[in-house]
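The values are calculated or read from the model by the stated rules, or taken from the named source; none is laboratory data. The model shown is predicted, which means the values in this text are computed figures rather than measured ones. No Cβ is skipped: glycine too gets one built from the backbone with ideal geometry, and neighbour counts run over all protein chains shown. Please note that ligands, DNA and RNA were not included when accessible areas were found on the heavy atoms of the full protein model with its side chains. Shrake-Rupley method; radii C 1.70, N 1.55, O 1.52, S 1.80 Å.
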Amino acid sequence: MRIETVKIEFFYQPDKLEKQFHHPFDSESDAVALNEAINTLGQSDDALIHILGNRTNEQRKRIMETYRSMFNQEFRDKLLMKLTGNFKRTLELLLMPLPEYYAKLLRRSIYGPGKDEDLLLEILCTITNLQIRQIKEIYQCKFGKTLEESIQNDCQSKFKHMLTLICKAERNEGIVSLDKVRNDAEALFEAGEAQWETEEAAFNTLFAFESYEHLRFVFQEYEDITGRTLSEAIESETSGYLKRALLTIGEQPFSVFSAFGNEDWIFNRK
């Protein structure tokens, strides 16, 4: 069995793009080396693995453009026609535009034989408005229905409501207001621990529509007000996939690069 694990990156925001580039980077040198690797395929695949596995998605895109210009051929087509099995599948995914790749993962997580709601959380609860819109457009184009319709038809009641709100791609990405931070922290306390029954709508709305940076301050303010962490409150006041969704979103302010930085992804999702 060939390579099972490769380095893959999520979408990139313009202001963070340069930081996530592999350096040094020369698309012409990479294109020449990859062309030689294709022509000697089977003798040694090290160049393919080394180059494609150590470049960002944007860099791989530039390499393919340079390859087309230099050799008047499509790199992806020429490569894949000579491969088979897991190695072909791995490189095919690696060369796929990332919004398309994640649209396919979401489809499989909802309708596949091993439904994977954890993957729904990993993707939808950690990305930006722009990334959600990109995925939604491709999803509808490829599968003939909206992502929201798929979620509504398949997910648990409370969980699907939360994901449907996130799919609106209306998360606030503006400046954090400290006054609003305190108001939101107090509102969450009143909706949760101060009630006999938790008002989950308050949690849903805040976590679906406020920025990750805003939520970071809300977590801090909540602990200052109550002496208890917001994560502990979520653990005790909510349950199931809704609880996991809230906790996943809540973790993002503390690991902001996890959704679109360099990640090691295992290509074992069928």
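Descriptive notes on the structure:
- Rounded to whole Å, sorted largest first: equivalent-ellipsoid semi-axes of segment 38-192, Cα gyration tensor: 39, 20, 14
- Pair residue 156, residue 213: separation of 7 Å Cα→Cβ label points (nm): 3.4 nm
- Ordering of 75-84, 122-131 by packing is 122-131, 75-84, highest average first (other Cβ atoms within 10 Å, averaged per residue).
- Those chymotrypsin sites (Phe, Trp or Tyr not before Pro) in segment 133-225 that DSSP places in a loop and that have at most 11 other beta carbons within 10 Å: 196
- Where labels lie 7 Å past Cα in the beta-carbon direction, separation of residue 180 and residue 28 in nm: 4.9 nm
- One chain, two ends: residue 235 and residue 205. Fully extended at 0.36 nm per residue, the span grows by 9.0 nm beyond their Cα-Cα distance.
- Taken over the alpha carbons of segment 90-156 as equal point scatterers, the Debye sum produces base-10 log I(q)/I(0) values at 0.24, 0.25, 0.28 Å⁻¹ of -1.15, -1.24, -1.45.
- Across the cross-link table entries 88/145; 61/115; 115/136; 61/82, which are compared at the Cα atoms, the separations over 25 Å belong to 88/145; 61/115.
- Relative packing of 165-178, 86-99, which averages over residues the other C-beta atoms within 10 Å, highest first: 86-99, 165-178
- Once the Cα-Cα distance is subtracted from the 0.36 nm per residue extended length, the residue 149 to residue 43 segment shows a gain of 33.4 nm.
- Accessible area per residue for segment 152-239 is 53 Å², calculated with a 1.4 Å probe on protein heavy atoms, without ligands, DNA or RNA.
- Unit charges on C-beta of K, R, D, E only; dipole of segment 110-166, Debye: 160 debye
- Peptide ranges 107-113, 179-185 listed from the most packed, as the mean C-beta count within 10 angstrom indicates: 179-185, 107-113
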